[in-house]
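Everything on this sheet refers to the single structure shown next.
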Amino acid sequence: MAFKINVDYRAHNDIENALDYYFEKSPKAAQDFYKEIQFAYEILDVNPFFQMRYSDSRCLPLRIFPFIFHFTIMDKDKTVNIHALINTSRNPSKYWLSEKKRHN
């Protein structure tokens with residue numbers, strides 16, 4: 001069962017910001033983070049039916065880094081829509097929710 005992965009612009013920005021942060025700390029850390037993102041995509045491609053968090057949103061935590069993908073599934077067309085990559089070490093009301101409000 002193969003699913004198409006669709007990363008919306010906000011999630012793409014979340015990923016880019018995290019990559020930039022890790023690259024400043026260490027290019028190796030950024031490379032490892034990128035590999036972890038790719039691994040998560042592979043998992044979602046095969047089986048995206050992870051924990052339901054909200055009415056139709058699901059979550060997949062990364063294995064090594066303190067981040068969690070928030071996504072929805074469109075069963076009919078076999079698509080996983082990734083909406084956000086959230087840093088679980090930060091307070092989302094202080095950074096993520098306020099960032100999302102600015103972009104909407």
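Only the coordinates and a few stated rules stand behind these numbers; no lab work does. Since the structure is predicted, the reported quantities are computational estimates derived from the model, not experimental observations. Don't worry about glycine lacking a Cβ; one is built from the backbone with ideal geometry, like all the others, and counts go over all protein chains shown.
Some points to look at:
- Peptide ranges 24-35, 61-72 listed from the most packed, as the mean C-beta count within 10 angstrom indicates: 61-72, 24-35
- Along each principal axis, taking the top coordinate minus the bottom one, the Cα set of segment 4-103 gives 41, 29, 21 Å in descending order.
- For segment 43-91, size of Cβ-based charge dipole, Lys and Arg +1, Asp and Glu -1, in debye: 180 debye
- Point-charge dipole on Cβ atoms (K/R +1, D/E -1) for segment 4-103, about Cα centre, debye to 20: 300 debye
- Taking a ≥ b ≥ c as the square roots of the eigenvalues of the alpha-carbon gyration tensor, segment 31-71 is classed oblate because a/c is 1.5 or more while a/b is no larger than b/c.
- Couplings 3J(HN,Hα) of segment 23-34, computed from phi: 5, 4, 6, 5, x, 5, 4, 5, 5, 5, 4, 4 Hz, in residue order, whole Hz [Karplus 6.51 cos²θ - 1.76 cosθ + 1.60, θ = phi - 60°; x for Gly and Pro].
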